[in-house]
Amino acid sequence: MRLYAYVLEGRDLCVEDSYVKLQVGKFKSKTRVLRSRNPVWNEEFAFRVHDMGGELILSVLHHDDDSGFFNSSNELVGRVRIPVSAVLAKENQTLPPTWFSLERARSGKFISKEYGKILLTISLHGRSQDTTADHPLYAHSRVKTRDLKEREGPVESEEIVSSKTSTWKVPEGKQLMKAIVSRLEKLLGKNEETSKMDDSSEVSSIPSDYEDCIEEQPPSCCSFEEAIELMQSRNGEQEMPENLQGGILLDQTYIVASKVLNMLLFAPNSQFRQDLAELQRTTNMKEGPWTWKSGELSCLTRVVSYTQAATKLVKAVDALEEQTYVKVDGREFAVLVNVNTPDVPYGNSFKVELLYKIMPGPELSSGEESSRLVVSWGLSFSQNTIMRGMIEGGARQGLKESFDQFANLLAQNFKTLGSIDSLDKDQMLATLQTEQQSDWELAIEYFWNFTVVSAFFMVIYILVHILLSVRSEQQGLEFSGLDLPDSFGELVTCGILVIQLERVYAMILHFVQARFQRGSDHGVKAQGDGWVLTVALIEGVNLASLDSTGLSDPYVVFTCNGKTRTSSVKLQTHDPQWNEILEFDAMEEPPAVLDVEVFDFDGPFDEAASLGHAEINFLRHTSTELADMWVSLEGKLAQSSQSKLHLRIFLDNNNGVETIKEYLAKMEKEVGKKITLQSPHRNSTFLALFGLPPEEFLINDFTCYLKRKVPLQGRLFLSARIVGFYANFFGHKTKFFFLWEDIEDIQVHPPSLASMGSPSLVIILRKGRGLDARHGAKSQDEEGRLKFYFQSFVSFNVASRTIMALWRTRTLTPEQKAQIADEQQDEDGSSLVLEDPGSVFDVEDAKMSKVYSAELPIDIKSLMEMFDGGNLEHKIMEKSGCLNYMATGWETVKPDLYERRLCFKFNRHVSIFGGEVTCTQQKSPIGNDNGWILNEVMALHDIPFGDHFRVHFRYQIGNFGLAPGKCKCDVHMEILWLKSMVFQQRITRNITEKFTRRLKETIELVEREALLNCPQDSSP
C-alpha cells in the first residue's frame, strides 16, 4: 500500500530558512529549502507501507548555509508524529488538510515557546484509484488557509498494527543511474512548471528515495487476466512453495479448471468474495487494485481491508490483508496472504500467514478438468510472548471455522471430486475391462519373432525337400529303418532344426503356463461386508530384465492385511500394459499399507526373481492421490532402470458405520472393556491433529508420560491403524505416529524408581520402520530398532490390554494370537476388568476370608443406614477418614438387585498416599426379609501398584435368631490380583490388616450412632 503525504505550507515558524524531512520506517525524503517564516511547499511524497503500526514522522529543520559544504548544520525546529493507523481509520482512508502544531524540541538554541504550525493532508489511496475529481490533493490544494480548521496538537496515537516492514533492496548499477536520471528529470520538469504556475496552487509529486525502482504501476488498460499472463511470462519457472508450518486448512479437488478457480478467488470484485463476506458477516470490505512489486522477482500484490464480525470472545476487529502472487505458470497458482489484526489481544505481536495453492487435479474419464486447492496457514511472531500457545490455539480454531464456511460456499459453486468418486470409479473400471486383449492377439504378439518364423520356414522347407527327394540306397552303417546323415552339412542342418524346435517348444510351454497364471485373481469380485480394497493395475514403465534380451515376463503381487492378489503375466516386454482389476475380500479393519512386488515369471515350479517392490501407505495419501498414482519401485534393478507402476486404488466401506461398530465389538472382547464410538467432533479433531484420511477412526486415548531424557506429559492416541502421541509443553509441540504393522514387540517393564513407581510400556519397532517418529524414541538398539517408553498411565492395566489387543489384531497370525492368549492366561488367569465388576460379585464365599463377625444390638434397618447415602453414612465416613465422600443413588439392575457407585479419598491417617478410591456396590435381599447381602469392589488409585489389584468385600447382614432388635453382620474379604508381582504377599497382608481394623471401627461407629438416636426416635 502507498502512503501519500502532502506538505502544503507552514505558519509562524521561528526560523526563515527551513525545510521538512519526512520518514516512514527506513524510507526518508525531504522538501526544498524556503526562506520564509510562512513557507508554501505544496509538495507530494509517496512511501511504500507494509507496517500498519508504523508512523509518519515530519521534522521541520533549520538550514544554515554558514557552516560549510561538508559540515552543514541542520537544527531541529519541531516534529510531528502521525500513526498510519490513524489515517486508515479515517473516512476514505484520507486525513483532510489539518494544521499540526510542532512539538517542542528537546534541545537546541531556540527558546521561543511557539515553534509554528504545519499544514498536512495524508491519504492511503493508491494512484490507480485516484482521479482528478476525488484525489485529496486536487480537492484541497486551492483551499484558502484562513478557511481551514486549525488543530492545535498532533494527531493522537491509536492502537496500531505491528508487523515486519518489507525491506526493499537499493537498486544498483544501471537501475541506480536510471533512478537518479529520472529524479533529476522530475526536478527539472517541476522547476519549469513552477515558473508558469502560481505558488499557491502548484503541487509537486516527489516519490520517496528509490521508490520508482521498487514499484511499478500497471497500465490502467491492463486487465487482471493480462496482468496474470504478464507475470507468467516473467516468472513462469518459479517453483511451487511448500505448505506453511501451521497445517492444512483445506485440501480439496474441484471439477473446474485451475485458471477459472483462480479467477473466482482473486479477481477484482469477485462475487464469491462478496458472498463469503456476507456469510461471515464481514463489513467495510475494500479491495485495493492489483499492482506490480518489483524486486528480485516481479509479482502482483494488492491490499484488502475489512472488519471481522464480533464473536463470543472477541469484539469486531479491523483486519488488513496483503495478497501476493508467488507463482503463476498458467496452470498452477500460489498466493501468499499476510493478515494483520491489531485490535485482537496481543495483535501487535503476530501476523497470520495463509498460502493458497491451486494445482491441476487428476484427469477425469469424462474429459472435464479438475483442480486441487490446498490452503495452509502459519503464524509469524514479531516478538516473543508467553501467550504464544494461547494465540496459536485461538488462531487455529478461528481459521478452522472460517475455512469450513469457505469450503461449503465453494462446494456450492463447483462440484467436488469426492462427490463423484463412485461414478469415476465405475467409469474407470469399466474402461479397463473393455481394453483387455484376447488370447489370440496375445499369441500373435508373442510368437511373431525371428525364432518362431525361422523355425517354421525351416520345417516347411525340409518337408518339401523330403517330398521331392528320391529314396536312396542304404550306405555306410545304415540299415532298414535307420537313415543317417550322409554329410557334415546334413548333420549341421539337423542340429539347427532340433535347436530351433526346442526353443519353439519352450516358448509354447511358457505361454501356456503364463496364460494359466492369469485366471486366478483378475476379475474375481470381493465378498463380504467391510473394507473393500480395489486395485486397478494399468501399466508398467521401464521394468528391469534379468535376460540377455533385455525383456522380461513381469507379473505383480499385491499383499494387504495378510491377503494376496496376483496379476497376469505379460510376456517379453519392459513396458507391460495390464489394465486389470484386482479386488480384496472385505476386511474387518481398514488396511494401512499395500505391499507391491514385481516378479519375472520363469515357470510354475521355478523361483521367481524380484524386479522391484514398493509400499503404499494409505495414511500418507489422500483418496484423490490414490485414485491415480505412479509408484516408483525400490530395489537395485528397479532403481537403476527407474521402474514405475501406474495404479488406481479405491478403498470403500460397503457397510458404513456398522463395520466400525462390529470392529469395536470385537475389540471389546479382546480388551475386556466397553469401547464406545467416539463423537464426530472428537474424531475429526483427532484426524486434523495428525493429518489422517477421513476413513480413520479413534478408538481410545490415554494420558501418560513419554520417557526420553526428560519425561514429557501428553496423550497417547489409539486408532484402527496408528499409535500416535501428542504433547504441547508451553507452545513446544511434540507429535508423531507409527503404524501397528511397524511394531515388532511390546514389553511391560516392572515399576522402578526411574519410572516413578509405575510400570512402563515399551514399544519396539521393526528395523527401518517408523523413522518419521524417531524424535520420540528414547533409544535405538544395535539392530537399528526404535524403542518408545510410555509410563504413568492413569490405569495401566486398561491401557496395556487395549494396546496389546489392537496390536495382536493388526499384525499377528491366528496361530500367534492363540499362543499369546495362552501365555497371558497362564500368567494371570484371574485377570479382571475395572469397569465391569459383575464377574467379581459372583465369587464364591469359599474363596474369601472372613475378617469380621459381630452380633449387634441394633436392627437390620439401622445398620443398613450405613449404605443408604443419608446423613448417617456421610457422618460415619467422615469420622472413619474419608474425604470428599460422594455416592450415587441405588439403581435397579435386575429384579431384587441394586447397584450404586462411590467416590472418596483417604486422609493421611488412613493412607500416607491419600489416593482416590472408587467403589461399586451391589445389594440384594435375603428371602423372606431376613436381611441383605452387599458386595463391594474397591479400586485404589494414585498409590503404588494400585492398578495391580482390587479389594472385594461381602457383607452378610441378617437377623440374630429370634431376638428382636438385634442383627448379625459377617464380612468376608479377598484381594483380587489383576497381575502377579513380587510384592503380592506383602501387599495382601498389609491391606488385610488395615481394612480389618477399619471395618471394626466403622461398624462400631454405626452401632454407637444408632444407639444414640434410638431414644430420640422413640420419644414423642
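The values are calculated or read from the model by the stated rules, or taken from the named source; none is laboratory data. Predicted, not measured: the structure shown is a model, and the values here were computed from it. Quick reminder, even Gly has a Cβ in these numbers, built from the backbone with ideal geometry, and neighbours come from all protein chains shown. Ligands, DNA and RNA are stripped out before the accessible areas are found, and what is left, the full protein with its side chains, is counted by its heavy atoms. Shrake-Rupley method; radii C 1.70, N 1.55, O 1.52, S 1.80 Å.
Observations on the model:
- Accessible surface of ARG331 - all protein chains present, 1.4 Å probe, nearest 10 Å²: 140 Å²
- Summed residue charge, Cβ within 10 Å of GLU588's Cβ, Lys/Arg positive, Asp/Glu negative: -2
- Close amide-amide hydrogen proximity is noted between LEU883 and LYS905, PHE906, ASN907, each under 5 Å apart and 5 or more residues distant or on a separate chain (H modeled in the peptide plane; Pro and chain starts excluded).
- Residue-by-residue Karplus 3J(HN,Hα) for region 333-345, coefficients 6.51, -1.76, 1.60, Hz, glycine and proline x: 9, 9, 10, 9, 10, 9, 10, 10, 10, x, 7, 7, x
- Förster radius 35 Å - calculated FRET efficiency between GLN642 and ASP745, Cβ distance, rounded to 0.05: 0.40
- Loop-resident sites, region 692-769, for trypsin sites (Lys or Arg not before Pro), counting at most 14 other Cβ within 10 Å (DSSP): LYS709, LYS767
- Accessible-area ranking of VAL464, VAL910, VAL335, largest first, probe 1.4 Å: VAL464, VAL910, VAL335
- A Förster radius of 41 Å combined with the Cβ-Cβ distance from HIS732 to VAL512 puts the calculated FRET efficiency at roughly 0.05.
- Calculated FRET efficiency for the pair THR324/HIS941, C-beta based, R₀ 45 Å, to 0.05: 0.20
- Here the label points at GLU1004 and ILE926, each 7 Å from Cα along the C-beta direction, are separated by 2.5 nm in the simple model.
- Per residue, the accessible area of region 894-1003 comes to 51 Å² when a 1.4 Å probe rolls over the protein heavy atoms.
- Cα-Cα over 19 Å, subset of LYS905/LYS968; LYS673/LYS979; LYS21/LYS117; LYS861/LYS966: LYS905/LYS968
- Multiplying the residue separation of TYR461 and GLN271 by 0.36 nm and subtracting their alpha-carbon distance yields 60.3 nm.
- Region 245-339 - Rg over Rh from alpha carbon coordinates, Kirkwood radius: 0.98
- Using the average count of surrounding beta-carbon atoms within 10 Å as a protection proxy, the listed peptides 924-935, 646-657 rank, highest first, as 646-657, 924-935.
- Dipole check for region 227-382: with +1 at the C-beta of Lys and Arg, -1 at the C-beta of Asp and Glu, and the Cα centre as origin, the magnitude is about 460 Debye.
- Additional length obtainable on full extension of the chain from SER36 to ILE991, 0.36 nm per residue less Cα span: 333.8 nm
- Within region 526-611, the percentage of alpha carbon pairs spaced more than 15 angstrom apart rounds to 59%.
- Potential lengthening of the chain between GLU473 and ASP251 amounts to 71.0 nm, from the contour at 0.36 nm per residue minus the alpha-carbon distance.
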